[in-house]
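Data first, discussion second: the structure below is written as structure tokens.
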Amino acid sequence: MFGLPALYCCCLGFSELSEHAAVITFFMHVLSGRQWVYQTCSEFGFYQSTDSPNQPFTGFPLGYQVKQCASFYNISAEEVAEAVAQTNEYYGGYDIRSSRIVFPNGSIDPWHALGITQDITAELPAVFIKGTAHCANMYPAGSEDLPQLSEARDHIFLLLQQWLKQ
């Protein structure tokens, strides 16, 4: 997976994962995973846990995620909670106080449930892309892309051009 030896794809216990997370280059091959975990611990608290009975997966309870924050970055559960509160205060939580932010989401991305899928204002537009998964709009264009994905990329590009001209 991602050009890594099989060791990195499975069979890593928490202690092995902790050792590898301490090496900055480890996660660089795994699409910025290390940076995402840090940002989750230090700002967002958007954990990918398996605590809910309304999903089919097991093995990654909230406690595991919080343990990663403490082990990898020395960020305690209390500090995570404080950081999330500060992030929500700074950005306005669900009452976003900003402008010139575009919120792309794919309909088959599980994260869209936490995302902005309706325009807030003209300067806080949502781009909801039917039939696409997580971050599809950020990948290079390909010949097999859905038409609505190509249209979304074009729309986002035009928005950014417009905003940069102002």
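The values are calculated or read from the model by the stated rules, or taken from the named source; none is laboratory data. From a predicted model like this one, the values you see are computed outputs, not experimental measurements. Every residue, glycine among them, receives a Cβ derived from its backbone with ideal geometry; neighbour counts consider all protein chains shown. SASA here: full protein model, heavy atoms, side chains in, ligands and nucleic acids out. Shrake-Rupley method; radii C 1.70, N 1.55, O 1.52, S 1.80 Å.
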Which of the following residues is within 30 Å of Leu146 (Cα to Cα) and at pLDDT 90 or above: Ile108, Ile75?
Ile108
Just to confirm my filter: which helices (runs of 4 or more DSSP H) fall fully inside the range 29-147 and include at least 3 residues that are open to solvent by less than 50 Å² (accessible area, probe 1.4 Å)?
62-73, 77-91
Restricting attention to the range 6-19, does a residue exist that is on the phi < 0 side of the Ramachandran plot, modelled with pLDDT under 85 and in contact with a Phe, Trp or Tyr (Cβ under 7 Å, 6 or more places away or on another chain)?
yes
Could you check Gln68 against (1) without any contact (Cβ under 8 Å) to a residue 40 or more places away in the chain; (2) touching a Leu at 6+ places or on another chain (Cβ under 9 Å); (3) within 30 Å of Ser15 (Cα to Cα) and say which number it fails?
(1)
Among the residues listed as Thr58, Thr117, Thr121, the single one being under 18 Å from the mean Cα position of the chain (by Cα) and on the phi < 0 side of the Ramachandran plot
Thr117
